[in-house]
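Asker: Here you go, one structure.
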Amino acid sequence: MYKDKNPAGHLCMFAACAAWGLMAPLGKDAMDHGISGTVLVSFRVVGAAVCFWLTSFFGRHKEEVAGRDLLMFFFAGMLAIVFNQCCFTVGLSLTSPVNASIVTTTLPIATMLLAALFLKEPVTGKKVAGIVCGATGALLLIMGSRNGAQKGSGNLTGDLLCLTAQCSFAVYLTVFKNLIRKYSVVTCMKWMFLYASAVILPFTGQQLAALPWTEIPPTAWAETFFVVFVATYLAYIMMMTGQKLLRPTVVSMYNYVQPIVASIVSVAAGLGVFGWSQGTAVLLVFSGVWLVTQSKSRADMKAADTISTNSQTMKNNA
């Protein structure tokens, strides 16, 4: 049973999404200084695979994985890493940052629908209200900063690729729930990133070989290191830990934390201001997360039905 009120789960998800929020401006700056989007994705995937495999050689991370589960890890890696990262990065290169940010707000909606379809999770009023509340807050932040952030116009192909990235991750959160809870975080990640590396490298190997390594400034390499180690390796550990403790819909709600972090970074860097609209947006986002957390899960409803049935039985026997 999920423990949606578990502070550790919420802290892990907040930390992971905060790291991803920081990744956006740092990764963008790295791409502006000689590292292309596809090369950055390659560094993320291969670098994280190396980190997770090295970690697996220490501690209690040596687990035997069933042959069928190895195949399932392949498909999980395709959805959570390859399709999610590649589609979003390529989509972002085609469309505007504002359009891409707006599309990311569809993740909790898609996850709620898929959880209802595959996991039989109830679509409650609190859950819907929480998602609407959080989406409103995220959109308020995004639209409020569009004048300073928008470069170019939207593009249908780019928007659809960004949407595909969100849908693929939503499917991963729901379909592979039991697989992720079966093994340790490191075991799951080392296989998923290994498979993702094997799929991505044949397409990006030539670009990696042609990369002007010595011409890229140290700051871009430092930003790339942050993207690989903090925003991928550590962030995926925290995200997977949160996924084990929280319902898929609650996990997806933390997607709205990313624009908040991006706004805070902009203010700290002197690129934006924090006014009443930003404060309202932050309040809406966290109110939405709280509402979804308070909504009843399938397990909660089953427990309530069992208690009600037992109470009725006791009354009839009295």
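The values are calculated or read from the model by the stated rules, or taken from the named source; none is laboratory data. Please read all numbers here as calculations on a predicted model, not as lab measurements. Backbone-built Cβ (ideal geometry, glycine too); neighbour counts: all protein chains shown. Areas reflect the complete protein model, heavy atoms only, side chains present, ligands, DNA and RNA absent. Shrake-Rupley method; radii C 1.70, N 1.55, O 1.52, S 1.80 Å.
Asker: Rolling a 1.4 angstrom probe over the protein chains, ignoring ligands and nucleic acids, what is the accessible area of H33 in square angstrom, nearest 10?
Answerer: Solvent-accessible area, nearest 10 Å²: 80 Å².
Asker: How far apart, in nm, are two points set 7 Å out from the Cα along the Cα-to-Cβ line at D32 and at K126?
Answerer: Going by the 7 Å Cα→Cβ label model, 4.4 nm.
Asker: Ordered by packing density, taken as the mean number of other Cβ atoms within 10 Å over each peptide's residues, highest first, how do 174-187, 201-214 rank?
Answerer: Top to bottom by mean Cβ count within 10 Å: 174-187, 201-214.
Asker: Next question, about the same structure. List residues of the range 9-40, by number, whose backbone nitrogen lies under 17 Å from a label position 7 Å along Cα→C-beta of L208.
Answerer: Backbone N within reach: 35-40.
Asker: Through the Karplus equation 6.51 cos²θ - 1.76 cosθ + 1.60, θ set to phi - 60°, convert the phi angles of the range 76-82 into ³J(HN,Hα) values in whole Hz; use x for Gly and Pro.
Answerer: In residue order, the calculated couplings are 4, x, 5, 6, 7, 10, 5 Hz.
Asker: While we're on this one: For T249, what accessible surface area do you get with a 1.4 Å probe? Give it in Å², rounded to 10.
Answerer: Roughly 10 Å² of T249 is accessible to a 1.4 Å probe.
Asker: Using a Förster distance of 41 Å, how high is the FRET efficiency between L71 and I216, based on the Cβ-Cβ distance and rounded to 0.05?
Answerer: Result of the calculation: an efficiency of 0.60.
Asker: Sticking with this structure for a sec: When the solvent-accessible surface of protein heavy atoms is calculated with a 1.4 angstrom probe, in what order do I109, I260 fall, highest first?
Answerer: The most accessible residue leads, giving I109, I260.
Asker: Not counting ligands, DNA or RNA, and with a 1.4 Å probe, what is F58's accessible surface area in Å² rounded to the nearest 10?
Answerer: 140
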